[in-house]
Amino acid sequence: MVENLAPSRLATDSDIIETQPVLSFINPVSYVACPKGPKQVDDCRHASTPSAANAALSAIRRALQGDSVYANIMKLTSIAIISSVPVNIRVALIRFKTQIRGDSMRRFRESPILFAMSSVMLLCCFQSATSLAQDITAPAERTRMLADDLKGTTRYHVAPNEDTIPNDKYGDDVRLGKKIFTETYTYGRRYAGNGLSCANCHLYAGRQPHAGPMWAAYGMYPAYLEKNDRNNSLEERIQQCFRFSLNGFAPALDAPELRALVSYMHFLAKGVPIGVGMPGRGYPQVLKTGSDPSPTRGGDIYKAKCASCHGANGAGKEKDGGGYTWPPLWGMDAYNKGAGMASNNLLAGFIKANMPPGQGWSLTDQEALDVAAYINLQIRPFDPRKGLLKGLFD
Ligand code: HEC
Ligand code: HEC
């Protein structure tokens, strides 16, 4: 079924850290809304359909997400400040900041008072204006086996056909899991903070190699993740995508949605060996190109190749009945700053292999990095792990 296995790798996700407590007190739909198990998908859906009160509560929930009211006022203020600074100026500031860090700072070291004063001033002047930018000069750190893939010699696991989902309780969970995966805005709405679906980033309902396929993830957990410095279960990994990619809330570990998602992944992974890093796992690595990503060039690529679907303002196009025909890439309904996609290298890898749809691998590495740098420079929800002033100066 599979050959040319790539060496296994530790999960190296950059979007993770500790799981934080769910804000259950303002989560409008209680956990018991789906008491009867996966068979009652429609009941469950019904129970989750927002009444006016629920809609109001979930607006409050989104507004207060993560932190105190004060923290949120700070966040809104910083969004206002930052959005008033044009992208070009932000880019120039980042360059300047990097330069200062790299060269001029060294000259100040002999004078500690000057050094301290100028550090404080620089922080105040530049940090808030550049806060939406990732480190656009960050080098590619991860290595993945791509050469064979690109030569077309690699064969990928093919997940079983859906006709083979058994007609039993396990099968019910698998089917529910797929619905949550492809229509998260309906079936996973208790935890989703935006209108994205898992399948917007894990393409072809989690089957597509090089688009974070679920069959490749299943057998690799529990896995140690550097960012939180501990071993994480598959459920915990999924919680992280809810929190950051969906800008929402971590489902409780015994939530029926989580169990259904894991069942669906288990089904897709039928026949995949445990603990083996499968070809096509995650997103491909875009290697260092030797030249810094340029958001200015990226903006031109975006206008030419992406804006027709994702919109000049990055807001995508909503679908009737929820979710998106073309998902948003930035703005308040996009992934937040703690998400994997907020790392330019991961985003570039996803774009390189998968975008525009049907034309994967058409951009050069440099073009993918440029357009990723442009996208990640735009406004998006803050990282929910950051509170108070940290949110402003991140
Ligand atoms: C023909 C329309 C189209 C074009 C052109 C297009 N995309 Fe997409 N993009 C999509 C669709 C549709 C999805 C969701 C895929 C799915 O649900 O199967 C998507 C998903 C994405 C995602 C992940 C979802 C998210 O919200 O973060 C990113 C990132 C992305 N596209 C970036 C790009 C970039 C960069 C370009 C230009 C190089 C581009 N796209 C061009 C239609 C398009
Ligand atoms: C905005 C895009 C986005 C959305 C939406 C999203 N994810 Fe992810 N997901 C990512 C990124 C980025 C990674 C890291 C990929 C890598 O390391 O190469 C990831 C990784 C994962 C992994 C680990 C994969 C592995 O091989 O270790 C799992 C499991 C996962 N996501 C599940 C989900 C589920 C379930 C949902 C829906 C509830 C979801 N994701 C929604 C972007 C997204």
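Please treat every number below as a calculation from the coordinates, not as lab data. Here the structure is a predicted model, which is why all the values come from computation and not from measurement. Note: ideal-geometry Cβ built from the backbone for every residue, glycine included; neighbour counts use all protein chains shown.
When the pairs K270/K317; K179/K319; K288/K319; K179/K227 are compared against a 28 Å limit on Cα-Cα distance, K270/K317; K288/K319; K179/K227 fall above it. If the segment from M117 to I81 were pulled out straight at 0.36 nm per residue, it would be longer than the present Cα-Cα gap by 10.6 nm.
Using the Stokes-Einstein relation with a Kirkwood hydrodynamic radius computed over Cα pairs, the translational diffusion coefficient of the stretch 221-347 at 20 °C and a viscosity of 1.002 mPa s comes to 123 µm²/s. Each of S84, S233, S197 was scored by other Cβ atoms within 10 Å of its Cβ. Arranged with the fewest first, they read S84, S233, S197.
Working from label points 7 Å from Cα in the Cα-to-Cβ sense, the S362 to D168 distance is 4.6 nm. Here the residues V174, V262, ranked from fewest to most Cβ neighbours within 10 Å of their Cβ, fall in the order V262, V174.
Ordered by the number of other Cβ atoms lying within 10 Å of each residue's own Cβ, fewest first, M214, M355 fall into the sequence M355, M214.
Rounded to 0.05, the FRET efficiency of the R155 and A92 pair, given R0 = 45 Å and the Cβ-Cβ distance, is 0.45. Hydrodynamic radius of the stretch 136-393 by the Kirkwood approach over all distinct alpha-carbon pairs: 18.9 Å. Amide H contacts under 5 Å for N228: none, restricted to partners 5 or more places along the chain or on a different chain, H placed in the peptide plane at 1.01 Å from N.
Amide H contacts for R189 (H built 1.01 Å from N in the peptide plane; partners 5 or more residues away or on another chain; cut-off under 5 Å): none found.
The string of couplings for the stretch 342-359 from the Karplus curve (6.51, -1.76, 1.60, θ = phi - 60°) is 6, 8, 4, 5, 5, 4, 4, x, 4, 5, 4, 7, 10, 10, x, x, x, 10 Hz, one whole number per residue in order, with x for Gly and Pro.
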